[in-house]
Amino acid sequence: MSETPDDEGHQYEDRQFTGRVPGPLNRQWMLAAAGAFVVVAIVAIAGVASLWDEDPDLDDRATGAPPPREYGGPLWFTVGASDETQLVTNTLPRGVPGPGSPYNGVAKYLPAEKCFTDGTNLLVWPRGSRPLNDGGRAGVNPGDGVDIFDGDAFSANAETVLIETAQEFPPVPEACAPSGNALSLSAVSKS
């Protein structure tokens, strides 16, 4: 059989097509790419697994007693030294109105119990309030530029807290809260 020009052209096309099928060089690149993908996957899985480590290094944690305001629960408590005013503070920042209703009262400081009361309820000041002492007269700074001393009238938003059921509320002498309640104050201003 003799080849016709058409047959030769057909064979040439076949050779061209055969040359485009992945050869040894192309197969090596495919294997290298697959190997690289496996390595990247292993590194990614190892990285995620390290984030879920069940045994964190305890040596990196702070030691010693926790700061005095970190008792947990819905309230933070600030307790001064034995010769300072004791403040009970809530989670509302100073100057921010919280829940409750408008309230007008007089801050009374009981030196033996080291607490503020309105005569019926324990007064719980906004977070960040600071104790004051002016010539032996106890006070509190519950807002920027607001100082309230024993006997001063003030206004605020107040929400009643039943001390007995409040989570991790500090011990309160009965004289500080004869009602068994605390008033959680916010947006305190001097009257």
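Accessible surface calculations at 1.4 Å, restricted to protein heavy atoms, place segment 94-182 at 49 Å² per residue. A simple rule links phi to the HN-Hα coupling: the Karplus curve 6.51 cos²θ - 1.76 cosθ + 1.60 with θ = phi - 60°, which for segment 168-184 gives 6, 5, x, x, 10, x, 4, 5, 6, 8, x, 6, x, 10, 10, 9, 7 Hz, with x for Gly and Pro. Using the Cα gyration tensor of segment 96-191, with a ≥ b ≥ c the square roots of its eigenvalues, what is the shape: rounded (a/c below 1.5), prolate (a/b larger than b/c) or oblate (neither)? Oblate, because a/c is 1.5 or more while a/b does not exceed b/c. The phi torsions of segment 116-124, fed into the Karplus equation with coefficients 6.51, -1.76 and 1.60 and a -60° offset, translate into couplings of 9, 9, 9, x, 10, 10, 5, 8, 10 Hz, rounded to whole numbers, with Gly and Pro shown as x.
The values are calculated or read from the model by the stated rules, or taken from the named source; none is laboratory data. This one's a predicted model, so the numbers in the text were calculated from it and none came from an experiment. The protein model used for the area step is the full one, side chains on, heavy atoms only, and it has no ligands, DNA or RNA in it. Shrake-Rupley method; radii C 1.70, N 1.55, O 1.52, S 1.80 Å.
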